[in-house]
Amino acid sequence: MEQLGAAALPVILGVILVFGFFKDVDVFDSFVQGAKEGVSATLHLMPTLIGLILAVSMIRASGLLEMLCHLAGPLARAAGVDPELLPLALLRPVSGSGSSAYALDLLRQFGPDSETGKIASVLSSSTETTFYAITVYFGACGCKKLSYSVPAGLLGDAAALAFSILSVKVFG
């Protein structure tokens, strides 16, 4: 099986070259053109991504995340949920890697079979990094008006949190 995986990439490249040959496409020229467009898109998105990374760093360093979690703690306890899940719910729309690391910490701390571990797993798999997606997709097309996209994305994240909790409470 391992040899099959190692042979997959050369086989795919060979199929592309043969297909290009029969369709009379200059494959190398197409590759170079695609690489140029990729570099151009990367340079176009770079300032927006740097701004997003800076914002995430500032949220973490300023203590805003901890303050929001502290304020929402009583609401989580009233819902019968461990307040330790709140940082995951708040981080997930902003940072995929940060929320994945936090989810892993929750699984280590509470265990994957605990209610908190199950909710963290369901939440991690049912939400999107809303601000990253908006940054990349809207930045790529140059859209400036986000009046409906941000609230709709955050509403989706809130629904994912509520249904993650509900799903684990009912089916878990």
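Side notes on the structure shown:
Here's the yes/no breakdown for (1) farther than 30 Å from GLU37 by Cβ; (2) under 13 Å from the mean Cα position of the chain (by Cα):
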{"position": "ALA72", "(1), (2)": "yes, no"}
{"position": "ALA89", "(1), (2)": "yes, yes"}
{"position": "GLY96", "(1), (2)": "no, yes"}
{"position": "PRO112", "(1), (2)": "yes, no"}
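- Test: residue in the stretch 28-39 that is farther than 30 Å from PHE131 by Cα, aliphatic (A, V, I, L, M), outside the structural domain of CYS141 (by TED's automatic domain parsing) and assigned to a helix (DSSP H, G or I): yes
- Single residue of SER167, SER124 found to be surrounded by fewer than 19 Cβ atoms within 10 Å (Cβ to Cβ) and either closer than 28 Å to ASP82 by Cβ or of a type in the set (A, V, I, L, M) (or both): SER167
- For LEU91: the one exception among (1) touching a helix residue (DSSP H, G or I) at 6+ places or on another chain (Cβ under 7 Å); (2) over 14 Å from LEU123 (Cα atoms): (2)
- Test: LEU106 is without any contact (Cβ under 8 Å) to a residue 60 or more places away in the chain, within 21 Å of ARG77 (Cα to Cα) and in a helix (DSSP H, G or I): yes
- The number of residues in the stretch 129-151 that are without any contact (Cβ under 8 Å) to a residue 12 or more places away in the chain and surrounded by fewer than 13 Cβ atoms within 10 Å (Cβ to Cβ) comes to 9.
The values are calculated or read from the model by the stated rules, or taken from the named source; none is laboratory data. Computed from a predicted structure; not experimentally measured. With ideal geometry, Cβ positions are generated from the backbone for all residues, glycine too; neighbour counts draw on all protein chains shown.
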